[in-house]
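Written out below as structure tokens is the structure these notes cover.
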Amino acid sequence: MKKSLLMISIELPYPPTSGGRMKSWNMLKFLSRHFDVGLACPLKYGRDKLSEFQQQLPLSVFLSDEVQRPRSLGVLLKSYLQGMPINVYRSRSEQLVAKVARIAHHYDIILLDHYEAYQYVPRDYKGRVIFHTHNATYLMWERFATSCSNLLHRIASALEAVRVKQYEQRTTQQANLVFAAPNDIDSLVKIGTVKEKCRVTYHLGDDSQLDLPSLQYEDTEKALLYVGTLNWEANVDGLLWFLQDVWPQLKAIHPDLQFYVVGANPDERLVQLVSESDGVELVGFVDDLETYFTRARVFVSPLRFGSGIKVKVLNAMSRGLPVVTTSVGAEGLDFTNLQHLAVTDCAQQMVAYTDLILRDKHQWQQMEQCSRALIASQYTWNKVLGSMVTEINQCIGGHNEAV
């Protein structure tokens, strides 16, 4: 008889259009093959995709409630009154708390998907609690606080980093197991998480791209590609830096170079800077990226803050498109520089790496082949999620107690 598992997430993990949702969706599908799975989550973005989700993955139990609180000063102040980090407050539904409390004791395991889900674990729950974190989130706030130019934003972010750190500490203390990327495990251990309860996992991309034929240098045009959500501050910040400090130098070397920026809802700062930058195109949302993966010659991911493995980087590597990124963009990956990825935090060096890959066919081909080989050997869904199921089963059988 299958053990029962209640997954609590902070949003409907469908459609899998972002890195976080892709991990949650694949995890939910995979776990459903091994456990009797129920799902509880607030509906932050309406009910438009709910029926499609339920058709794709029928579950024995599905609990939800609509919760729509924007990121705003008013919501931030209310979160202080409620004594919880802003994103915990934005994910909270008292009705959903009550719904989960009524059924939680029927489950052997509660799997928390994101630290904000911890608020839904009943205090009297006696089963195993598994924490799957997408990032060491306090670190993201700390990094933003140091990189943001707005003084008030820096102060608010620094204070939020403290609140999130305390909440993540509480979550990991109560969990029997903690799944996180290697670099996030290191960051969580620094704030008191017991390393022995941590298990390695990864956010992966679309590894089905490994089945597609190899890209060919001759078929590409002299163009860069970026893919990401264009109103997410980490992405906006990185692109603004790249367009200001890197792109003009590249354009001077390669006057015919093009830059395709793919993603929805561009921030106004990006729209303005792109309008002033020769050769840069805001493409908008693209459902099938294959046209751009086969068209561009280099993928860029100029992130300056964030945490965890970046799905956009893994997707490009899976397809074999050579990637130039920063140390933040390469976090958590086992790579050799200029073999699997080109990694630097220096604008001048990023210009040099990108120029090299654009014009050197041998270097391009080596990175195309080696990046795909690395993904195939270490970063596939079956490998990562199969390991997760094994660890959860051992936790249940071994009765590992939370420390």
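Could you look through region 69-98, keep only residues that are surrounded by fewer than 16 Cβ atoms within 10 Å (Cβ to Cβ) and among the hydroxyl-bearing types (S, T, Y), and pick out the one that is nearest to P42 (Cα to Cα)?
Checked region 69-98; the qualifying residue nearest to P42 (Cα to Cα) is S72.
Checking V262 against (1) of a type in the set (V, I, T); (2) crowded, with 18+ Cβ neighbours inside 10 Å; (3) free of Cβ contacts under 8 Å to residues at least 24 places away in the same chain, only one condition comes out false. Which one?
For V262, the exception is condition (3).
Of everything in region 52-68, what is assigned to a strand (DSSP E or B) and either surrounded by fewer than 15 Cβ atoms within 10 Å (Cβ to Cβ) or basic (K, R) (or both)? Give them in sequence order.
Just the residues of region 52-68 that are assigned to a strand (DSSP E or B), to begin with: 61-66.
Listed by number, the list holds a single entry, E66.
Would you pick out the residues in region 243-286 that are assigned to a loop (DSSP other than H, G, I, E, B), more than 23 Å from Y353 (Cβ to Cβ) and within 26 Å of the chain's Cα centre (by Cα)?
Correct list: A264, N265, P266, D267, F285, V286.
Can you tell me how many residues in region 287-302 are assigned to a helix (DSSP H, G or I) and surrounded by 13 or more Cβ atoms within 10 Å (Cβ to Cβ)?
First pass over region 287-302, keeping only residues assigned to a helix (DSSP H, G or I): 290-295.
Still in the list and also surrounded by 13 or more Cβ atoms within 10 Å (Cβ to Cβ): 292-295.
Of the residues in that region, 4 qualify.
Residues L76, L112, L39, L81: which one is out of contact with any Ser or Thr (no Cβ under 8 Å at 6 or more places or on another chain) and either assigned to a strand (DSSP E or B) or touching a residue at least 40 places away in the same chain (Cβ under 8 Å) (or both)?
Working: L112 fails: out of contact with any Ser or Thr (no Cβ under 8 Å at 6 or more places or on another chain); L39 fails: out of contact with any Ser or Thr (no Cβ under 8 Å at 6 or more places or on another chain); L81 fails: either assigned to a strand (DSSP E or B) or touching a residue at least 40 places away in the same chain (Cβ under 8 Å) (or both).
Within the list L76, L112, L39, L81, the selection yields L76.
So, in region 1-28, of the ones that are polar (S, T, N, Q) and not in a loop (DSSP other than H, G, I, E, B), which residue ends up surrounded by the most Cβ atoms within 10 Å (Cβ to Cβ)?
Taking region 1-28 first, the residues polar (S, T, N, Q) are 4, 9, 17-18, 24, 26.
With the extra rule that they be not in a loop (DSSP other than H, G, I, E, B), the set shrinks to 4, 24, 26.
Numbers: S4: 17, S24: 26, N26: 20.
The residue in question is S24.
Among the residues that make up region 173-196, is at least one of them part of a helix (DSSP H, G or I), on the phi < 0 side of the Ramachandran plot, in contact (Cβ under 8 Å) with a residue 24 or more places away in the chain and of a type in the set (F, W, Y)?
Looking through region 173-196, none of the residues is part of a helix (DSSP H, G or I), on the phi < 0 side of the Ramachandran plot, in contact (Cβ under 8 Å) with a residue 24 or more places away in the chain and of a type in the set (F, W, Y).
Enumerate the pairs (first residue in region 93-107 and within 14 Å of F62 (Cβ to Cβ); second residue anywhere and in a helix (DSSP H, G or I)) with beta-carbon separation below 7 Å, excluding pairs fewer than 6 apart on the same chain, so at least 6 apart or on different chains.
Note: pairs meeting the criteria are L96/Y120; V100/Y120.
Residue under question is A40, and the condition is that it be in contact with a strand residue (DSSP E or B) (Cβ under 6 Å, 6 or more places away or on another chain), surrounded by 15 or more Cβ atoms within 10 Å (Cβ to Cβ) and either assigned by TED's automatic domain parsing to the domain that holds N183 or not aromatic (F, W, Y) (or both); does it hold? Full working, then the answer.
Working: in contact with a strand residue (DSSP E or B) (Cβ under 6 Å, 6 or more places away or on another chain): yes; surrounded by 15 or more Cβ atoms within 10 Å (Cβ to Cβ): yes; either assigned by TED's automatic domain parsing to the domain that holds N183 or not aromatic (F, W, Y) (or both): yes.
In short, yes.
The values are calculated or read from the model by the stated rules, or taken from the named source; none is laboratory data. Predicted model, so just to flag it, every value in this text is computed and none were measured. When we count neighbours, we look across all protein chains shown, and the Cβ atoms used for this are built from the backbone with ideal geometry, even at glycine.
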